[in-house]
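Please read the structure below before turning to the comments.
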Amino acid sequence: MADSPKYPELGRVVPSAYPSEATRAMLRRRRSTPADLLTGPGPDAPQLQDILTIAARVPDHRRVVPFRFIIFEGDARARFGAVLKEAYLANEPGADEARADCEGNRFLRAPVVVAVISKTNPDHRTPEWEQVLTAGAVCQNMLLAASAYGFAAQWLTEWYAYDDKALAALGLEPGEKVAGYVYIGTAQEGPKERGRPEMSAIISRWGDKK
Ligand SMILES: Cc1cc2nc3c(=O)[nH]c(=O)nc-3n(C[C@H](O)[C@H](O)[C@H](O)COP(=O)(O)O)c2cc1C
């Protein structure tokens with residue numbers, strides 16, 4: 001069971017920082033676990049509720065809340081898989097059955113999959129670009145929250161974030177997009193470190209001569 005989550009009441013003064021070597025160590029080594037390496041268990045209901053509540057606690061200019069969540073658990077994953085298989089076969093009519101089955105089994109790779117939906121309001125005073133960035137931050141917060149609960153996770157889009165049939169089955173409204181499908185479970189094996197940016201290539205100080 002999850003710890004009883006403590007969220008501050010509206011207007012309450014909260015700490016401005018949380019100095020923590022444990023958090024720094026986690027952030028330095030953070031890695032996604034490929035969905036193919038995930039298995040159960042996943043978060044229970046209170047843990048998932050807390051993971052989503054943490055994920056929703058992102059910088060959000062003018063509190064637009066330009067995102068929402070769709071949870072896939074239990075047999076909903078296989079039922080959505082049937083949609084994926086059909087969509088895949090519609091796109092690739094010559095595909096063999098084994099490959100189509102593989103597409104239909106995508107959501108079975110993890111016990112919990114959360115679709116993070118970006119829902120921007122282009123008429124809002126907050127630029128749409130900023131609203132999109134907020135949905136990205138939600139996905140990243142979700143990865144971190146899942147990790148803090150001891151779960152492995154991966155943020156994917158794959159083809160079905162862009163497929164009209166899959167999107168219709170998700171029930172997206174006009175203007176909504178899939179920011180990511182966040183797969184959450186337990187790692188069967190640890191992921192290996194991957195290349196990271198060469199920091200000197202991406203940091204400059206304004207005013208320095210080239
Ligand atoms: C918006 C977005 C979509 C992604 N979609 C995919 C995907 O479809 N397939 C994939 O292999 N990785 C995808 N990734 C990359 C993985 O989430 C992850 O970053 C990658 O496996 C590297 O792991 P790391 O998080 O440890 O750097 C995506 C990342 C982002 C930000």
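When the stretch 36-78 is examined, which residues are found to be under 20 Å from residue 177 (Cβ atoms), small (Gly, Ala, Ser) and assigned to a helix (DSSP H, G or I)? Residue satisfying the conditions is 55 alone.
In this structure, does residue 75 turn out to be away from the ligand (no atom under 16 Å from the Cβ), of a type outside the set (Phe, Trp, Tyr) and either under 25 Å from residue 158 (Cα atoms) or out of contact with any His (no Cβ under 8 Å at 6 or more places or on another chain) (or both)? If you could, list the steps in order and put the result at the bottom.
Details: away from the ligand (no atom under 16 Å from the Cβ): yes; of a type outside the set (Phe, Trp, Tyr): yes; either under 25 Å from residue 158 (Cα atoms) or out of contact with any His (no Cβ under 8 Å at 6 or more places or on another chain) (or both): yes.
Here the answer is yes, as residue 75 does meet what is asked.
Selection over the stretch 25-54 of residues that are under 26 Å from residue 135 (Cβ atoms) and away from the ligand (no atom under 16 Å from the Cβ) gives a count of 13. In the stretch 34-55, the residues that are among the charged types (D, E, K, R) form Cβ pairs under 8 Å with partners that are loosely packed, with under 15 Cβ neighbours inside 10 Å, at six or more places apart or across chains, as follows: 44/1; 44/2; 50/2; 50/5.
Here residue 164 clears all of (1) within 20 Å of residue 88 (Cα to Cα); (2) within 16 Å of the ligand (Cβ to nearest atom) except the condition numbered (2).
Residues in the stretch 132-160 that are crowded, with 16+ Cβ neighbours inside 10 Å and more than 15 Å from the ligand (Cβ to nearest atom): 1 in all.
Of the residues making up the stretch 173-210, those that are β-branched (Val, Ile, Thr) and exposed (fewer than 10 other Cβ atoms within 10 Å of the Cβ) are 202, 203. For beta carbons closer than 7 Å, sequence separation of 6+ or different chains, a first residue in the stretch 185-210 that is closer than 30 Å to residue 113 by Cα and among the aliphatic types (A, V, I, L, M) and a second that is within 16 Å of the ligand (Cβ to nearest atom) and part of a loop (DSSP other than H, G, I, E, B), the qualifying pairs are 187/33.
Every read-out reported here was derived from the displayed coordinates using simple, explicitly stated rules and does not represent laboratory data. What you see is a predicted model; the values in this text were computed from it and never measured. Cβ sites come from the backbone with ideal geometry, for glycine too, and all protein chains shown count toward neighbours.
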